[in-house]
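Please treat every number below as a calculation from the coordinates, not as lab data. From a predicted model like this one, the values you see are computed outputs, not experimental measurements. All Cβ positions, even for glycine, are placed from backbone atoms using ideal geometry, and neighbour counts span all protein chains on display.
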Amino acid sequence: MRLGVSLLAMLVLAVPAAAQDLTTWRHGTVQAKGDAGFLFMAAEGDFGKKYGLDIDMTTLKGDTLLLKALISGEIDSYEGAIGSPLIAASKGAAIRVVGCHWQKLTYILFAQPEITSVADLKGKTIGVSAPGSQPDLFARAVLRENGIDGSEVTFVTAGSDSERIAALAAHVLDAAPSASEFAAKAEEIGVKPLVKAVDVLPDAMRRCFYVRAESIEKNPEQVAGFLAAELDAYEHSFANKEEMMALSRKIAKLPPESSEPEFVYDEVTSLDVVSDDFRVDVSKLVWQRDLLASVGSMDANFDPATILDLEPLEAAHKLRGE
């Protein structure tokens, strides 16, 4: 079922009363880090209430686990990398991209200090997350851009971003891709930023929002309300830096003096990382499809536009009076 004109009108006019019962919306994301203030603002700031939703957050270790939780119905939505959902959709999974907010990949390939170039990674060990995950694909894309085949290095599964950086600092790994915020303490822990994704992979995206196709069919107003709440929350976060950083420290259990939240805020604002409307550039999905096809993860003929359903996002903008 598609959103019709009458339903859009109802969505725009429907403003939940304060006493109205809220519907729980279960949203997933990865391990909380210095960017948690952005990711958790909608839930922690009660931005869903305006749209009749109580946003309940679930954190899992990686994108593949979040995708499994979505498909099984354990969560209603999640935000994460585009790789695993594209692969799943190409194999028939009824999931949809309903918006992309982090439209640049704020990741860095970190390495041991003695490694001075990507060429030095030949014969070395690179720690990634699950095969097809964002860290895995980023590392492989960097190697490909530098003419190095994946067979010329050793990939090992090394957990979450923080776990990979810890393993790198302990000299268990030679290199590891992780969120760029770890650059704030790279010198302190004895690792070096080797390659920034924003410099070499301009079409790579970090996060999009995913829901099941049946959620759009059965509860389109809830999907639209969730997206409207996220749009409100991001707008609020950018206008309230100190509040965003305080929430990051609270959620990620960071000490008051931690520099990661400010690093994240300054990076995403200076590089214009986060979209203000969540609309999707299909050419970036095509780039991701081609990368996945090049490493044998999916069919090169799959049309990535088939995973998109942006009607809930358009309804969300109408809810916000845009």
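Between beta-carbons, use under 14 Å as the cut-off and find the net charge around Glu163, counting Lys and Arg +1, Asp and Glu -1.
On the way: positive: Lys33, Lys61, Arg164; negative: Asp161.
Neighbour charge sum, excluding Glu163 itself: +2.
Once every Cα of region 107-200 carries one equal point scatterer and solvent is ignored, give the base-10 log of I(q)/I(0) from the Debye formula at q = 0.18, 0.19, 0.20 Å⁻¹, two decimals.
-0.68, -0.77, -0.86
If you project the alpha carbons of region 244-322 onto their three principal axes, what span does each projection cover, largest first, in Å?
Sorted largest first, the three principal extents are 49, 40, 23 Å.
Could you give the alpha-carbon Rg of the chain over 2.2 N^0.38 Å, rounded to two decimals?
Working: Rg = 19.6 Å, N = 322, 2.2 N^0.38 = 19.7 Å.
With N residues counted in the chain, Rg over 2.2 N^0.38 Å equals 0.99.
Please list log₁₀ I(q)/I(0) at q = 0.12 Å⁻¹ for region 189-322, using the Debye equation with identical point scatterers on the alpha-carbon positions.
-0.68
Tell me the net charge near Ser178. Cut-off is 10 Å between Cβ atoms, Ser178 excluded, with +1 for each Lys or Arg and -1 for each Asp or Glu.
Details: positive: Lys33, Arg164; negative: Asp161, Glu163, Glu181.
Neighbourhood net charge equals -1.
If the cut-off is a Cα-Cα distance under 25 Å, which lysines reach Lys192, setting aside same-chain residues fewer than 8 apart in sequence?
Hits, sequence-local ones excluded: Lys33, Lys61, Lys104, Lys122, Lys124, Lys253.
Can you give the net charge of the other residues whose Cβ lies under 14 Å from the Cβ of Glu235, counting K and R as +1 and D and E as -1? Show your work: numbers first, answer last.
Working: positive: Lys50, Lys241, Arg320; negative: Glu230, Asp232, Glu243, Asp276, Asp277, Glu322.
Net charge in that neighbourhood comes out at -3.
If one computes the Cα centroid of region 125-202 and of region 34-66, what distance in Å separates the two points?
26 Å
Taking only the alpha carbons of region 127-250, what extent do you get along each of the three principal axes, in Å, biggest first?
Its Cα atoms span 49, 36, 25 Å along the three principal axes.
So which lysines can Lys50 reach, going by Cα to Cα under 19 Å and dropping same-chain residues fewer than 8 places off?
Answer for Lys50, where 19 Å is the Cα cut-off: Lys318, listed by chain and number.
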